[in-house]
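Accompanying notes for the structure given below.
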Amino acid sequence: MERRGSLDTAIAKDQQHLQTLPGDAAVWARLGAEYVEQARLTADSSYYPKAEQALRRSTSLQPDGNVEALTGLGALTNARHEFALARRYAEQAIAAAPAHWPAYAVLVDARTQLGDDAGATDAVQQLLDLRPGTASFTRAAYDLEQHGRTDDARTALTRALQDAFAPSDRAFCCYQLAELDLARGRADDALAGYRQTLDIDPSYTPALAGTARAEAAIGRTDDAITHYTQATAKLPLPQYLLELGELQEAVGHPEKATEQYRLLAAEQHLAAANGVVDDLSLGQYQADHGAAPEAVRLLRAEWDRRQNVLVADALAWALHRTGANSEALTYADKALAHGWNNPLFLYHRGEIHKALGHTNQARTDLTRALTLNPAFDPLRVPLAHRSLAGLQ
């Protein structure tokens with residue numbers, strides 16, 4: 001809670017300053033950025049309208065060359081999943097101040113989510129050139145992982161950890177290293193990494209959810225449910241609610257799973273009311289636990305906004321669930337086109353190949369998914385084994 005407490009203090013201080021000097025454009029911009037960060041830490045999307053109001057006030061007071069406000073608006077629109085608009089704000093900030101590195105961080109995030117693969121890599125390099133530190137190395141690691149270069153990603157994260165001084169930055173780097181371990185099937189190493197993260201920063205809720213994820217992978221489902229429940233109480237992100245619901249479903253508690261899915265829908269509704277557009281999370285839920293045609297509708301809309309590999313995979317799976325397997329395969333191939341060794345993507349494409357009668361390709365993808373991470377998902381691993389046995 002230390003990080004959130006210091007942010008609360010900063011917000012209160014800036015609010016008090018602005019009561020005395022309401023024409024201070026720089027402080028309005030800083031307050032807006034603080035509200036965006038508070039929303040991220042608490043999963044409370046009601047901070048977004050406050051952030052927008054503060055940032056718009058800053059730009060009205062200083063219409064030209066207001067780099068901090070433009071960068072803040074970019075971070076806000078990224079958080080609201082308006083990635084094309086975020087890219088535009090970042091580019092405007094960079095045009096006004098080419099050495100302003102935070103704008104490049106916003107640009108990397110926006111281009112990554114938009115599926116601009118080459119553009120994201122280029123922005124990562126520019127960020128590294130300007131500011132070789134935690135923000136740049138962690139983004140470089142994600143870019144490398146998406147291209148299947150997991151060893152290089154680990155090297156980048158290790159460098160980021162070496163450069164990190166604040167407990168929050170060190171915790172973030174340790175968490176990302178643990179995520180890499182879990183993705184490669186090293187659940188015990190990942191669990192140790194998540195625990196190390198919590199030792200550094202006990203308030204870092206993603207590591208609590210990561211602990212649950214690793215415990216589920218090694219069969220400690222009761223512990224996993226306990227830690228997921230603690231994580232969702234602190235940070236009710238759709239991802240955590242969906243993972244907890246699916247774990248409850250996997251261990252035979254459908255009524256408890258339904259409760260998590262109900263909470264997920266409520267969080268999505270609240271986020272939408274505060275300007276967040278997230279058809280991806282809702283589409284992923286609908287594909288497996290709701291109405292597959294509705295999932296396709298949501299995910300086609302998301303694909304129109306951003307052609308990202310996560311959206312490609314989700315749309316492929318939703319199309320498969322409706323029986324449109326030929327079209328599904330085109331999106332499954334897009335999801336894996338850049339080399340990301342994602343077991344879930346491979347499982348999805350394997351099932352699509354199987355439905356199309358492509359026995360060899362299905363066997364290859366399913367085997368590869370289970371080889372990369374034998375416990376990649378509590379619901380889908382048993383299904384992958386069953387499919388593979390049928391193909392044999």
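Taking a straight line from the alpha carbon of residue 354, these lysines sit under 19 Å away, with near neighbours fewer than eight places off in the same chain left out: 334. For region 280-381, with equal point scatterers placed on the C-alpha atoms only and solvent neglected, what are the log10 I(q)/I(0) values from the Debye formula at q = 0.11, 0.15 1/Å, to two decimals? Debye output, listed in q order: -0.28, -0.54.
Given region 172-324, what whole percent of its Cα pairs are spread farther than 28 Å? Summing the P(r) of region 172-324 above 28 Å gives 25 percent of all pairs.
The Cα-based radius of gyration of region 161-204, divided by its Kirkwood radius, gives an Rg/Rh of 0.98.
Straight-distance candidates among the aspartates and glutamates for linking to residue 50, with alpha-carbon spacing under 15 Å and chain neighbours fewer than 8 residues away dropped: 8, 14, 34, 37.
Put the Cα centre of region 124-151 next to the Cα centre of region 194-263 and the gap is 28 Å.
When only the Cβ of Lys, Arg, Asp and Glu is charged (+1, +1, -1, -1), the dipole of the chain relative to its Cα centre reaches about 320 debye. Summary value for the chain: 11 percent relative contact order, contacts being C-alpha pairs under 8 angstrom separated by 6+ residues. Taking 0.36 nm per residue of separation and subtracting the Cα-Cα distance, full extension of the segment from residue 165 to residue 392 would add 76.5 nm.
Starting with the highest mean, order 16-22, 158-164 by the number of other Cβ atoms within 10 Å, averaged over the residues of each peptide.
Values: 16-22: 10.7, 158-164: 17.9.
So the peptides 16-22, 158-164, ranked by packing, come out 158-164, 16-22.
Rank 238, 285, 142 by how far each Cα sits towards the positive end of the charge dipole of the chain (+1 on Lys, Arg Cβ; -1 on Asp, Glu Cβ) and give me just the farthest. Of 238, 285, 142, it is 285.
If you place +1 on the Cβ of every Lys and Arg, -1 on the Cβ of every Asp and Glu, and leave all else neutral, what size is the dipole of region 1-121 about its Cα centre, to the nearest 20 Debye?
Result for region 1-121 is approximately 140 debye, rounded to the nearest 20.
Determine the distance separating the Cα centre of region 48-62 from the Cα centre of region 156-184; give it in Å without decimals. Cα centroid to Cα centroid, the span is 33 Å. May I ask you to derive the FRET efficiency for residue 129 and residue 158 from their Cβ-Cβ distance with R0 = 22 Å, giving the value to the nearest 0.05? Once rounded, the FRET efficiency stands at 0.65.
Considering all different alpha carbon pairs of region 1-101, the Kirkwood hydrodynamic radius works out to 13.6 Å. Here the gap between residue 10 and residue 255, fully extended at 0.36 nm per residue and compared with their Cα-Cα distance, gives a gain of 84.0 nm.
Only the coordinates and a few stated rules stand behind these numbers; no lab work does. Just so you know, these numbers come straight off a predicted model, no measurement behind them. Cβ sites come from the backbone with ideal geometry, for glycine too, and all protein chains shown count toward neighbours.
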